[in-house]
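Working notes for the structure below.
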Amino acid sequence: CVPGHGVLYARLMPTFSSLRIRGPLAEAIAARGYETATEVQVAVLEQRCQGYDLLVSSQTGSGKTAAFGIPAIEKTDPNLRSAQVLILCPTRELAVQVSEEIHKLALFKRGINALPIYGGQSYERQFYGLKQGAQIVIGTPGRVMDHLRRGTLSLVALKALVLDEADEMLNMGFAEDIDWIFDQTPPERQVALFSATMPPGI
């Protein structure tokens, strides 16, 4: 606001339709009540077709789940019954929250299954979901490692790996676990790290 002039200058954020989002995803976004994209959503969605690895500084509440969730759903082939996107979260609470948002964004895209896997939840339920061919897996590092070691989760078809709250995972001592999980992924997968702060470990 410029003093004495009574004029408010604001940056107009793009609409989701202007970011080339069409079809079932556009329907789901409209159903969520989203109209204009946030800064982090614009930054990520404008780059989503380029195939670059991304390092994104984004605070809680900035809309980052949709920023990585929309490209994750776009990348996913509903006819391929295998994990294609892995989203790592530091806590079970965040894994559940992210999973719920992914379900809402994928509501109108038939054949997309998102599955949260985390400690404290029944293994049987997770085994069943993975056997059914969940394409988007949202999990905590420890439980993801358990499934990889048991052979109940395969990452051979993985297209994208997302670390949500990457700085929190480092603070919680997951660095070695994350390195190990990275080693199990195909070299051509895309990586996106979302972090509120940027310590050297990131």
* **Where GluC sites (Glu not before Pro) in DSSP loops with at most 15 other Cβ within 10 Å are excluded, longest remaining stretch of the chain** => 47-187
* Heavy-atom accessible area of Arg150 with all protein chains present, probe 1.4 Å, nearest 10 Å²? -> 140
* Nonlocal amide H pairs with Ile87, under 5 Å, H built at 1.01 Å -> Val137, Ile138, Gly139, Val162
* Asked: Does anyone have the angle between helix 23-32 and the longest principal axis of the chain? Alpha-carbon axes, 0 to 90°, nearest 10?
  -> 70
* To do: Report ³J(HN,Hα) in whole Hz for each residue of region 99-107, in order, from the Karplus equation J = 6.51 cos²θ - 1.76 cosθ + 1.60 where θ = phi - 60°; Gly and Pro get x.
  => 4, 4, 5, 4, 4, 5, 6, 9, 3
* What 222 nm value per residue comes from the helices of the chain, counting each DSSP H run with n ≥ 4 as -39,500 (n - 2.57) and dividing by all residues, nearest 500 deg cm²/dmol? -> -11000 deg cm²/dmol
* Asked: From the phi of every residue in region 57-69, what ³J(HN,Hα) in whole Hz does the Karplus formula 6.51 cos²θ - 1.76 cosθ + 1.60 yield, where θ is phi - 60° and glycine or proline is x?
  -> 8, 8, 7, 4, x, 8, x, 6, 4, 5, 4, 9, x
* Structure fact -> Taking a straight Cα-to-Cα line shorter than 19 Å from Lys75, and setting aside same-chain lysines fewer than 8 residues away, one finds Lys64, Lys104, Lys109, Lys159
* Asked: Where is the GNM fluctuation largest for the chain (alpha-carbon springs, 10 angstrom cutoff): Gln41, Gln84, Gln59?
  -> Gln59
* Structure fact -> When the chain is treated as a Gaussian network with springs between alpha carbons less than 10 Å apart, the largest mean-square fluctuation among Ala175, Ala67, Ala134 is found at Ala175
* **Potential extension, Gln121-Asp77 segment - 0.36 nm per residue separation minus Cα distance** => 13.1 nm
* Structure fact -> Per the C-alpha gyration tensor (a ≥ b ≥ c, the square roots of its eigenvalues), region 132-181 is rounded if a/c is under 1.5, else prolate if a/b beats b/c, else oblate; here it's prolate
* Can you list the residues, at least 5 places off or on another chain, whose amide H is less than 5 Å from the amide H of Gln190, using H built in the peptide plane? -> Ala160, Leu161
* Å² per residue, accessible surface of the chain at 1.4 Å -> 51
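Using R₀ = 30 Å, calculate the FRET efficiency as 1/(1 + (r/R₀)^6) where r is the Cβ-Cβ separation of Gln97 and Arg150; round to 0.05.
That gives a FRET efficiency of 0.70.
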* With every protein chain in place, what's the accessible area of Arg81 (1.4 Å probe, Å², nearest 10)? -> 110
* Which one of Cys89, Ala192, Gly151 is farthest out on the positive end of the charge dipole of the chain, using unit charges on Cβ (Lys, Arg +1; Asp, Glu -1) and the Cα centre as origin? -> Gly151
* To do: Could you please state how large a percent of the accessible area of the chain is carbon and sulfur, counting protein chains only and using a 1.4 Å probe?
  => 52
* If you work out mean projected area of the Cα convex hull in nm² from the coordinates, which of (1) 15.1; (2) 10.7; (3) 12.9 do you get? -> (3)
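Under 1.5 on a/c is rounded, so check that first for region 29-136, then, if it is not, pick prolate when a/b is larger than b/c and oblate when it is not; a ≥ b ≥ c are the square roots of the alpha carbon gyration tensor eigenvalues. Please list the in-between numbers first.
On the way: a/c = 1.73, a/b = 1.44, b/c = 1.20.
Because a/c hits 1.5 or more and a/b exceeds b/c, region 29-136 counts as prolate.
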* Structure fact -> With Cα springs under 10 Å, the Gaussian network model of the chain assigns the largest mean-square fluctuation among Asp183, Asp77, Asp167 to Asp183
* Structure fact -> Expected vector for region 124-141, Karplus 3J(HN,Hα) from phi with 6.51, -1.76, 1.60 and θ = phi - 60°, integer Hz, x for Gly and Pro, equals 4, 4, 5, 4, 4, x, 5, 5, 6, x, 4, 8, 10, 10, 10, x, 7, x
* To the nearest 10 Å², what's Tyr123's accessible area with a 1.4 Å probe? -> 50
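The values are calculated or read from the model by the stated rules, or taken from the named source; none is laboratory data. Given the structure is predicted, the values throughout are model-derived calculations rather than measurements. With ideal geometry, Cβ positions are generated from the backbone for all residues, glycine too; neighbour counts draw on all protein chains shown. Just so you know, the surface numbers come from the protein's heavy atoms only, side chains and all, with ligands and any DNA or RNA stripped out. Shrake-Rupley method; radii C 1.70, N 1.55, O 1.52, S 1.80 Å.
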